[in-house]
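Here is the structure we will look at.
Throughout, read-outs are computed from the coordinates displayed, never taken from laboratory work. Predicted model only: the values in this text are computed from it and were never measured. Because the Cβ atoms are built from the backbone with ideal geometry, glycine has one as well, and the counts that use them run over all protein chains shown.
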Amino acid sequence: MRFEQDVVIRRTPQEVFDYVTDASKLASWQLHKTLVEPLTEGPPRQGTRIRERTKPPGAKEFEQIVEFTEFDRPNRLHVHIVEGPQPIDGTWTFTTDGEGGTSVHCVVEGELRGPARFFAPILKVGMARQFRSYHEHLRKNLEGA
């Protein structure tokens, strides 16, 4: 499964990257998070791990541990699912849009496991919609809109 999304945010790449990698802000833009717990002390960096609980609409709550496996501030972040029901990873790239803002490109991909793999086309549409909402909340939060 794979999908890509783009959003432009009127903030610098550093501001957007720092917001995205701040565990204390995760539930403010990924609204389906019911728990966000840093497992690694100190500032975010490559190797940082976070425990997340997510309750998607109409679905059972699940827990996963994610790790920042690529952390190139302020250009690129790769988040790998270390433990969780589905190995769906995300990669965000942050580039200046030429007008002082940031163009954010997100790629979500992974192979679904178990019975979920039979519903991949439906799950892909639902996850893409969910991530579109996440990115819109990210934009609104950062722009103060």
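Couple of notes before you dig in:
- Listed residues Val20, Val79, Val125, most fluctuating in the chain (Gaussian network, C-alpha, under 10 Å): Val125
- Between the Cα long axis of helix 120-143 and the first principal axis of the chain there is an angle of about 30°, rounded to the nearest 10.
- Pairs of lysine residues in the range 24-145 - Cα separation under 21 Å, sequence separation of 8 or more or cross-chain: 9
- For the chain, size of Cβ-based charge dipole, Lys and Arg +1, Asp and Glu -1, in debye: 460 debye
- For the peptides 12-19, 94-101, the ranking by mean Cβ contacts within 10 Å, running from highest to lowest, is 12-19, 94-101.
- Sorted by Cβ neighbour density within 10 Å, fewest at the top, the residues Val36, Val8, Val66: Val8, Val36, Val66
- Computed over Cα pairs, the Kirkwood radius of the chain leads via Stokes-Einstein (0.692 mPa s, 37 °C) to a diffusion coefficient of 211 µm² per second.
- Percent of C-alpha pairs per 10 Å bin, the range 1-65, short to long: 17, 42, 36, 4
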